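Presented below is the structure to which this report refers.
Please treat every number below as a calculation from the coordinates, not as lab data. Nothing here was measured: the structure is a model prediction, and the numbers come from that model. Cβ coordinates were reconstructed from backbone atoms using ideal geometry, including for glycine residues, and neighbour counts include every protein chain displayed.
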């Protein structure tokens, strides 16, 4: 069950004031639940920037999105889907900790961010999709924030082959089964995500699409 947090006391700049040609929109604010939800509803997400004392807020242009009908499942990945057991929201904090492992290259999830998404999860707005091996080991997973028909996929991890990809496939299947207008945000369309079917969308198109899906009933 979802609980609405207190509204944020911060105001993000409107899109017409966002810098053109720059994925970074602004800095400051806090990571309270109301602030995070306001940001996602406006097409922003937080990610620390090295050397900045304040939180940085981003809206990439172009934006990476994963069409629900565009996920590419190779033959080997289909086999892996049969190997793992999928669960949701059974060990959210463990998934976030694994995603934040400082040994991972390019790690950006700070302790403050782990705590912030944990609060969102306890309020019913952030979710994890987990892949377990046959021996009960948490083999991989992902977490993200769901606001209406938006699922903002924040990060994923794996310790066994294909486990994070299987979690992503399970997420897509759940969203498709729920029906309605939906948008899966993957922030930037990396080469890895492009191989799975992610595509790029211009910022203006993303914001229009976002407005269209916010009234969709959540899938989780």
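On C-alpha positions alone, give me the angle between the axis of helix 111-122 and the longest principal axis of the chain, in degrees, nearest 10.
The angle comes out at about 80 degrees.
Taking the 0 to 90 degree range and rounding to the nearest ten, how far is the long axis of helix 203-213 tilted relative to the main principal axis of the chain, both from C-alpha atoms?
70
Only Cα pairs under 8 Å and at least 6 apart count here; give the relative contact order of the stretch 1-104 as a rounded whole percent. Write down the numbers at each step before the final one.
On the way: 74 pairs, mean separation 22.5, N = 104.
Once normalised by length, the contact order is 22 percent.
Decide, for the stretch 15-60, between rounded, prolate and oblate: order the square roots of the alpha carbon gyration tensor eigenvalues as a ≥ b ≥ c, take rounded if a/c falls under 1.5, and otherwise choose prolate if a/b is larger than b/c, else oblate.
Values: a/c = 2.12, a/b = 1.09, b/c = 1.95.
In terms of gyration-tensor shape, oblate.
Sort 108, 57 so that the residue with the fewest other Cβ atoms within 10 Å of its own Cβ comes first and the one with the most comes last.
The order, fewest Cβ neighbours first, is 108, 57.
Modelled label-to-label distance, residue 4 and residue 174, 7 Å Cα→beta-carbon offset: nm?
2.4
Considering Cα pairs under 8 angstrom that are at least six residues apart, work out the relative contact order of the chain and quote it in whole percent.
Result for the chain is 25 percent.
Quick check on the stretch 64-213: of the DSSP beta bridges with both residues there, what percent are antiparallel, nearest 5%?
Given both bridge residues lie in the stretch 64-213, the antiparallel proportion sits at roughly 90 percent.
Run the helix sum for the chain: -39,500 (n - 2.57) per DSSP H stretch of 4+ residues, divided by residue count, reported at 222 nm to the nearest 500 deg cm²/dmol.
Here the helix-only value at 222 nm equals -9500 deg cm²/dmol.
On a 0 to 90 degree scale, rounded to 10, what angle separates helix 163-178 from the longest Cα axis of the chain?
70
Rounded if a/c is under 1.5, else prolate if a/b beats b/c, else oblate: with a ≥ b ≥ c from the C-alpha gyration tensor eigenvalues square-rooted, which is the stretch 76-144?
Oblate, because a/c is 1.5 or more while a/b does not exceed b/c.
What FRET efficiency, computed as 1/(1 + (r/R0)^6) with R0 = 35 Å and r the Cβ-Cβ distance, is obtained for residue 89 and residue 16, rounded to the nearest 0.05?
0.40
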